[in-house]
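Novice: Structure in structure tokens, see below.
What follows draws every value from the coordinates through simple rules; no lab data is involved. Because the structure is a prediction, the values reported are computed rather than measured. Backbone-built Cβ (ideal geometry, glycine too); neighbour counts: all protein chains shown.
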Amino acid sequence: MLKCFVLSVLFAAAFSLSARDALIIDHKCINISNIPKSYFSKAGKKFKIAYGHTSHGSQIVAGMYALKEKDKSLFDFNPDGSNGSLSFWDRIPPGDLGNPNRRVWAERTWEFLKGRGSTRNMIIWSWCGQAGSATPEEIDLYLGLMNELEKTFPNVTFVYMTGHLNGSGLKGKLYTRNEQIRNFCRKNGKVLFDFADIESYDPDGKVNYNQYYCRDNCTYINNGHRMNWAEQWLKRNPHNNFALPDRAAHTHPLNAAMKGQAFWYMLARLAGWKPGSGLPPKIAKAEDSNVNCDVTDFSMPVLRREFERTFKFNSISDYRYWREVGTPKSLIPEEDTLQALIVPSEKKLAIALLRGKYLVNELEFKADLERGKELCWYINSDFKNDEYAGIGVGGIITPYKCRLIVGHRSYDLPFVMPGLKARNFHSKIVIKGNKLIWGLNNKIVCEKELPAGQLFRKGECGIGGVKSKIRINGVYVKARY
């Protein structure tokens, strides 16, 4: 059944965004001169923020420091929130949305909110350059992780973000991935800080410089020449009111100043300020509850605990971790025959499944095909009525070829066993990033990017076969749950 998650954070202010509204903070949200001062004070008292980022994300903080220097009474912030200031933990947790990989940030967030950050009520993460190199599945992974965190911590506001410009323009991969994030946030009632959109415009907001291949440093191409919209705007407006930082990582100080102001604009909105008498800028109503199911039918679990074990099957305790599916025969042998896990030959799929559900990152096993023609493995998969339910990933090994199973589909792989009568298999499956790497008898069977919804999920792990007797001599599993 398709699922669609909506923003579950509740705001206690007199005016608040409903759970079905999206708040998009973009280039139209940099003017804070008309915001009543009381809302900045209210935001400072209300929010306790943790912001994970590396160099590009520091542009927002540079702009915040410049505002603080200009008017400390309104825009003060420090780690402990003393003297009525905003409590702001910078670069905590460490890393960014792609560093050291595309999942660790979520694990760190879960551990942080369960531990030292349990009093934080707003979490923000920024990209460095990884949004521009991301696949659709990797953006789905990001969105799925954020969804899961919102469900797990309903009293915390999670702020989504787009990736900085890289000069690829409106037809580039980055723009497409950023649009994927924007569309998801609009349709599913999220808070989005549109990092890329803010640096696509000067403060006048009349020209989208991204159509001229704008970069994060505010340069764009005009008649074959590199120009800088920030420098041009400041030259035209020497008496402007922006609080410019002395410097900002990778960009012009004006860009950082705009992002700093947009940040406080966002806080004022979340604290209850309603601009004008109509709807706030860029507020989009979510559509039907089943929108965007290509993302939300996948719920990436936030991984909490590690499971790592080697099964040598020389003690009864090793066997008790496994259960039989598709066969009435018990997998637990007599005490005097503790040598291997035997999956008997049956007319349909017979498989030994690891008890419990895990997100397996690594599976390694040695097994003999004593009778029959095929051996199979599954990880992060579902089984119903003793059958594989078409969710997850797996593989089929025969003496002649291998097949990869992804959801309901299977693919022949260009791999031939060394010797047509090979019956002894040493297989290792590793998930690395969005890739599944499968090795067999010291050769690579496949190295393939797979859909996040099939790869990154808690499911079952098993080894077995159809009309085949399998002797499993040892198994190593590394997983999280």
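Novice: When the Karplus curve 6.51 cos²θ - 1.76 cosθ + 1.60 is applied with θ = phi - 60°, which whole-Hz ³J(HN,Hα) does each residue of the range 22-31 get, with x for Gly and Pro?
Specialist: Along the range 22-31, the couplings run 10, 10, 10, 9, 10, 5, 7, 10, 9, 8 Hz.
Novice: Quick one: if you stick a label point 7 Å off each Cα along the C-beta vector at residue 315 and residue 430, how many nm between them?
Specialist: 2.8
Novice: Given the rule -39500 (n - 2.57) for each run of at least 4 DSSP H residues, summed and divided by the residues of the chain, what is its mean residue ellipticity at 222 nm, to the nearest 500 deg cm²/dmol?
Specialist: Taking each H run of at least 4 residues, the total per residue is -6500 deg cm²/dmol.
Novice: Something else now. Out of the DSSP beta bridges found with both residues in the range 39-162, what percent are antiparallel (nearest 5)?
Specialist: Roughly 5 percent of the beta bridges in the range 39-162 run antiparallel, per DSSP.
Novice: Something else: Excluding residue 466 itself, what net charge comes from residues whose Cβ is under 10 Å from its Cβ, given Lys and Arg +1 and Asp and Glu -1?
Specialist: +2
Novice: How high is the FRET efficiency from residue 152 to residue 411, r the C-beta distance, R0 35 Å, rounded to 0.05?
Specialist: 0.50
Novice: Using the structure shown, list the pairs from 329/384; 357/384; 348/443 with a Cα-Cα distance above 25 Å, or answer none.
Specialist: 348/443
Novice: Given the convex hull over the Cα atoms of the range 158-267, what projected area results after averaging over all orientations, in nm²?
Specialist: The number I arrive at for the range 158-267 is 7.6 nm².
Novice: Here is a further query. If I take every Cα pair under 8 Å that is 6 or more residues apart in the chain, average their sequence separation and divide by the length, what percent do I get for the relative contact order?
Specialist: After rounding, I find 18 percent.
Novice: Rounded to whole Å and ordered largest first, report the semi-axes of the equivalent ellipsoid of the chain derived from its Cα gyration tensor (root of 5λ).
Specialist: 52, 24, 18
Novice: Which whole-angstrom value gives the distance between the alpha carbon centres of the range 116-140 and the range 317-349?
Specialist: 43
Novice: Let me ask something else. How many angstrom separate the Cα center of the range 28-75 from the Cα center of the range 152-216?
Specialist: Cα centroid of the range 28-75 versus Cα centroid of the range 152-216: 19 Å apart.
Novice: Would you mind estimating how fast the range 21-296 diffuses translationally, via Stokes-Einstein at 20 °C and 1.002 mPa s with the Kirkwood radius over Cα pairs, in µm²/s? Please report the intermediate quantities before stating the final value.
Specialist: On the way: Rh = 18.9 Å.
Value of D from the Cα-based Kirkwood radius: 113 µm²/s.
Novice: Net charge around residue 83, counting only other residues with Cβ within less than 12 Å of its Cβ (Lys, Arg = +1; Asp, Glu = -1)?
Specialist: Once positives and negatives cancel, what remains is 0.
Novice: Over all alpha-carbon pairs of the range 149-208, lay out the pair-distance distribution in 10 Å bins, whole %, shortest bin first.
Specialist: Each 10 Å bin holds this share of Cα pairs: 21, 45, 26, 9, 0.
Novice: Please give the contour-minus-distance gain from residue 83 to residue 71: 0.36 nm per residue of separation, less the Cα-Cα distance, rounded to one decimal in nm. It would help to have the intermediate numbers written out before the result.
Specialist: On the way: separation 12, 0.36 × 12 = 4.32 nm, distance 1.46 nm.
Using 0.36 nm per residue and subtracting the Cα-Cα distance, I get 2.9 nm.
Novice: Within the chain, what percent of beta bridges assigned by DSSP are antiparallel, to the nearest 5? Working shown, then result.
Specialist: Working: 79 of 98 bridges.
The antiparallel fraction comes to roughly 80 percent.
Novice: Relative contact order for the range 306-480: what percent, with Cα pairs under 8 Å and sequence separation of 6 or more?
Specialist: The value is 36 percent.
Novice: For a bin width of 5 Å, list the pair-distance distribution of the range 306-480 built from all Cα-Cα distances, rounded to whole %.
Specialist: Bin by bin from 0 Å, the calculated values are 2, 9, 19, 23, 23, 16, 7, 2, 0.
Novice: Evaluated at 20 °C with a viscosity of 1.002 mPa s, what Stokes-Einstein diffusion coefficient in µm²/s does the range 21-146 have when Rh comes from the Kirkwood expression over alpha-carbon pairs?
Specialist: The Stokes-Einstein estimate is 134 µm²/s.
Novice: Let me ask you something else. Between residue 250 and residue 183, what length in nm is gained on full extension when 0.36 nm per residue of separation is reduced by their alpha carbon distance?
Specialist: 21.4 nm
Novice: Restricting to the range 21-296, what percent of DSSP beta bridges are antiparallel, rounded to 5?
Specialist: If I count the DSSP bridges inside the range 21-296, around 30 percent turn out antiparallel.
Novice: Ranked highest first by average number of other Cβ atoms within 10 Å, how do 104-117, 151-164, 437-450, 247-260 line up?
Specialist: 247-260, 151-164, 104-117, 437-450
Novice: So the label point goes 7 Å from the Cα of residue 119 along Cα→C-beta, right? Which residues of the range 59-97 then have their backbone N under 19 Å from it?
Specialist: Counting only backbone N, you get 76-93.
Novice: Give, in nm to one decimal, the length gained when the segment between residue 225 and residue 385 is fully stretched (0.36 nm per residue of separation minus the Cα-Cα distance).
Specialist: Result: 51.0 nm gained on full extension.
Novice: Order 85-96, 224-235 from most to least packed using the mean count of other Cβ atoms within 10 Å.
Specialist: Descending packing order for the listed peptides: 85-96, 224-235.
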